[in-house]
1. Checking the structure you have, find out if any residue of the range 304-322 is farther than 23 Å from Trp350 by Cα, surrounded by fewer than 16 Cβ atoms within 10 Å (Cβ to Cβ) and modelled with pLDDT of 95 or more.
2. When Glu210 is evaluated against the numbered criteria (1) more than 30 Å from the chain's Cα centre (by Cα); (2) modelled with pLDDT of 90 or more; (3) more than 21 Å from Asp148 (Cβ to Cβ), which criterion, by number, is the only one it fails?
3. In the range 324-332, is there at least one residue being in a helix (DSSP H, G or I), under 24 Å from Asn231 (Cα atoms), of a type in the set (Lys, Arg) and at pLDDT 95 or above?
4. Consider only pairs whose beta carbons are under 6 Å apart and that are at least six residues apart or on different chains; among these, list those whose first residue lies in the range 286-299 and is touching a residue at least 40 places away in the same chain (Cβ under 8 Å) and whose second residue is crowded, with 21+ Cβ neighbours inside 10 Å and of a type outside the set (Gly, Ala, Ser).
5. Return a yes/no flag: does the range 634-644 have any residue that is modelled with pLDDT under 90, under 38 Å from the mean Cα position of the chain (by Cα) and buried (at least 23 other Cβ atoms within 10 Å of the Cβ).
6. What's the number of the condition Asn227 fails, among (1) modelled with pLDDT of 85 or more; (2) part of a helix (DSSP H, G or I)?
7. For the subset of the range 483-529 comprising residues that are surrounded by 13 or more Cβ atoms within 10 Å (Cβ to Cβ) and of a type in the set (S, T, N, Q), which member is nearest to Val650 (Cα to Cα)?
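The values are calculated or read from the model by the stated rules, or taken from the named source; none is laboratory data. Just so it is clear, the model here is predicted, and its values are computed rather than measured. Here the Cβ is made from the backbone with ideal geometry for all residues, glycine too, and neighbour counts use every protein chain on show.
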Amino acid sequence: MSGSSFFAELRKRKVLQAAAIYGAVAWGVTEIVVTVVEQLFLPQWISTLAVIGFVVGFPVAMFLSWTFDITSEGIQRTDITSRRGTASIALSMVLLVAGTAGLFLLIKPSLDGAGSRPGISVNSIAVLPFENASQDEDDAYLSEGLSDELRDQLGRVAQLRIAARSSSVAARERGMGALAASNTLGVAHLVEGSMRRQGRRLRVSVQLIEGHTGLAVWSDTYERGENELLNVQQTIADEIVRRILPHAEDVVTAPATRDANANELMLLAQHYERQVRDRQVRDDDTLRKAIGLYREATEADPASALAHSRLAGALLYLGEIETAESHVFRALSLQPNLSEVQNTLGEFYWARGMPEVASAWRRAVELNPNNADALQNYANWIGTTIAGRELGDPALLLRRALELDPLSLERHYSLGGFLGRAGRASEVPTVIQNIRTLFDDAESYRALDWLNELIGDVDRSIAWTLRARELEPDNPDHVERLAELYAIIGDEETLLRFDPSPSLGVLFQMRRYAELIDEAEFLMIDRPGDMEVRYLLARAYHYTGAHESAIHVYSSTGLPKTFVDDIYRSVSEVEAALTLISALIASDLPDANEAGHSLATYAVETGLHGDIGWIALYGSCIYAAMGRDEEALELLPRIKESARLAPMPVLRDSWCFKPYTEDPVYLDVLRDQEERRARIREKLPTTLAEFGVKL
């Protein structure tokens, strides 16, 4: 059959016009169906079924268009005018069937099972925030709380993998569809729903959705009294487990409390606590509201371990450590095998500086390997303690937490921060790129600033901080950070343009120790609990030769006991401990020199060596203080291998390096650091132009 004969038949039978009309109608109707489904919270399988129906109907419509015509005399069979009309009909049917098959092949990937997607467990779920369908915004805590409690409750089922709250909330806020949310969160199923309160009645709609298709595999609506929300929550949890784990037996999905009054109190308490934690802004009044409600919940249900644990967690966040203690151990006595309880216990031990912190967080991870908070806490402990190095790679735990919480900026930053501090600078750019892809706000710009500084790209740190300042022009933290960054690269003129009255940290970077001492001594009176002020003051004393004063200040921080007990809360504490060793050896106080040598020996024996920049710097200093010059000068050049710039105050002014001021090895390291800073100052204008920012 010739091509002209076939297309002549197509034109005569108006097949192309029919195809165009069919496509336009199908597209329009599908858009309407999708909109109605979304607005009325109907199951998503309705819109999927509509699409499939139009695909299946396409060959039927084309066949009818080929076979029949609509005329003034009614519907009539079309005459075959071509000598090869019969062959044309046969070929057209083949093409229609092939075209329809092609359409099915296009949608087939979305109809395949979730198990076929590599890396996504069929037992994985994300509970998205439920929508508050009530007219009263004050009811938001009920819908928000129900989704949070479902997430926590399902998270206590060992066979399930639950996406963390922050990423689930972010996926909803970004308006992600089922497929996008499923892929981003790495889950096979999504749970979403809505809640409406009308008088004393609650209407809860919920659906379990296959992430790869958008089809609701189960949905239901519950009309209950306001005191029956806990029963609805339990019913939903049980149904989800039954459908995700159809062959599992004796799966317990216990709620945080079985008392309806305590449950509602905890929902409202979490609502207030989340406001504070999500904003990461100090708001004691709101936090105290949460604490009061948690306390009422523990009174309504004294046997709820999670009520006591959450009350303790809020108290610890507020800083009321002593008040939190009784609730921590009450929760522990009620249900010691809950990961959340063990995680709160670890936070308590951490706040108290107790060595049991490691066992608590390790136990929290063992009880629930999907507890992202426990994973991150345990990883941070391993990464900041000497003893922790023997327990494995913290990055593995941090990556696991990130898998569970991929839309959490904090998880990305924690991973990048550890890699940068651990001398694994080559792995940090990937983290930086992921942050740039997923986030675009002032908070993410601050994270990018810090991570770039960790790998020596201070020019890019400055550019990101300037971008953050553009978004938050009234935030003084950006000005202080810019001053610090310009101090790091040795540009004091620009620094003083930003901040004519530099902070203590900037004064330290500028090596203006006399001014630092004057200000810090007053600040110690106004802010007696600020350890960073004490650390900076002690270092300034030590660098100006007042070693005894430095030792006195360090002793007020808990050092050297915390160093020996291996209890750290920050990297700055490690730096403080190592500076204290130098001050003790330099001091003329009775027994100080001996104590310093003893601590130095302990530091060396427990692993204070390696090619990481800051370890090379402080390790060399410790060897030098001990008089072990050969080892000190062997370790010192490794500073040049570190991506991060070494702190010049330590390198230039620490007492331990005084014997090397004319040594070629020391001078070579010093020259390397000065040249790197000069190169950064030179390329800074180009970097700022690349970012489109100005001073």
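1. Checked against the condition, which is being farther than 23 Å from Trp350 by Cα, surrounded by fewer than 16 Cβ atoms within 10 Å (Cβ to Cβ) and modelled with pLDDT of 95 or more, the range 304-322 yields no hits at all.
2. Every listed condition holds for Glu210 apart from (1).
3. Among the residues of the range 324-332, not one is in a helix (DSSP H, G or I), under 24 Å from Asn231 (Cα atoms), of a type in the set (Lys, Arg) and at pLDDT 95 or above, which makes the answer no.
4. Hits for this filter: Ala297/Leu265; Ala297/Met266.
5. No.
6. In the conditions (1) modelled with pLDDT of 85 or more; (2) part of a helix (DSSP H, G or I), Asn227 misses (1) alone.
7. Only one residue tops the list, namely Gln509.
Here's the yes/no breakdown for (1) outside any loop (DSSP other than H, G, I, E, B); (2) over 26 Å from the mean Cα position of the chain (by Cα); (3) outside the structural domain of Arg652 (by TED's automatic domain parsing); (4) more than 29 Å from Trp381 (Cα to Cα):
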| site | (1), (2), (3), (4) |
| --- | --- |
| Arg469 | yes, no, yes, yes |
| Ala483 | yes, yes, yes, yes |
| Leu496 | yes, yes, yes, yes |
| Ile525 | yes, yes, yes, yes |
| Val533 | yes, yes, yes, no |
| Leu559 | no, yes, no, no |
| Glu573 | yes, no, no, no |
